[in-house]
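Below: the structure, in structure tokens.
The values are calculated or read from the model by the stated rules, or taken from the named source; none is laboratory data. Everything numeric in this text was worked out from a predicted model, so none of it was measured. Cβ placement follows ideal geometry from the backbone for every residue including glycine, while neighbour counts extend to all protein chains displayed.
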Amino acid sequence: MSLHHPTPGSARFASVPPQLEHDTSPLLVGRGPDAHLRLQLPRLSRQHLSLESYLEKGGAQLAFSLKALSHKGSVWVNRLTLSFQEQVPLGAINKVAFSGIQMVVRIEGGISLEAFVCYFHLSPSPLIHRLRPEETDERESVPQEHPPPGSGQGAPGPLSFLHSPLQPNHGGAPEIPLQREPLDGVLS
């Protein structure tokens, strides 16, 4: 996982370890004492989101999803805005934004079905470019620019998750196809 916050200073990420080995229970992200990944931000909920591992039916490797746990703030994951208790499966590369934090989650291969390892990289540079000025923690003021999945309006392409509302594609750099591999137990 790569993490970035626009405010200078390392105090926000002071308790982020270089790596974290975790069992298959949900990995909690927030500012509370029970969070596995503690971030010191006043607008962050004690339990803001969780990274959850699961075994897909017939699968032999762990897959992952991200779940929003905050009542007061939204979580943006690959073009989707998640509200309280909403959850989305993760692909190979995932762009996430919450409470001013930008996070890129990469899922790599591994062999364990009982635990996974997260490697953390603190980035001094933004991870998601062209942030919208309307970005806020308040759900009510975040406009929904894209139709919800399954609405039949403008079916997204296979790589549409790369262009979140935080980074629209306006004819800029060409899309690079990603090799879809089965998800499993190593995150970076």
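Taking (1) modelled with pLDDT of 95 or more; (2) under 19 Å from HIS5 (Cα atoms); (3) of a type outside the set (Asp, Glu); (4) surrounded by 19 or more Cβ atoms within 10 Å (Cβ to Cβ) in turn, GLY73 satisfies each apart from (1).
For segment 65-86, taking the residues that are outside any loop (DSSP other than H, G, I, E, B) and either of a type in the set (A, V, I, L, M) or without any contact (Cβ under 8 Å) to a residue 40 or more places away in the chain (or both), the one that is farthest from PRO26 (Cα to Cα) is identified as LEU80. Scanning segment 16-34 for residues that are in a loop (DSSP other than H, G, I, E, B), buried (at least 16 other Cβ atoms within 10 Å of the Cβ) and in contact with a Phe, Trp or Tyr (Cβ under 8 Å, 6 or more places away or on another chain) returns VAL16, THR24. Kindly indicate whether GLY110 is in contact with a helix residue (DSSP H, G or I) (Cβ under 9 Å, 6 or more places away or on another chain), touching a residue at least 12 places away in the same chain (Cβ under 8 Å), more than 23 Å from HIS5 (Cβ to Cβ) and surrounded by 15 or more Cβ atoms within 10 Å (Cβ to Cβ). Answer is no for this residue. From PHE116, PHE13, PHE84, PHE98, grab the single residue that is among the aromatic types (Phe, Trp, Tyr), over 20 Å from ILE128 (Cα atoms) and surrounded by 16 or more Cβ atoms within 10 Å (Cβ to Cβ). Only one candidate passes the filter, namely PHE116. Note on segment 12-41: among residues that are farther than 15 Å from SER99 by Cβ and of a type in the set (A, V, I, L, M), the one that is nearest to the chain's Cα centre (by Cα) is LEU27.
Looking only at segment 40-62, residues that are part of a strand (DSSP E or B) and either surrounded by 14 or more Cβ atoms within 10 Å (Cβ to Cβ) or of a type in the set (Val, Ile, Thr) (or both) come to 6 in all.
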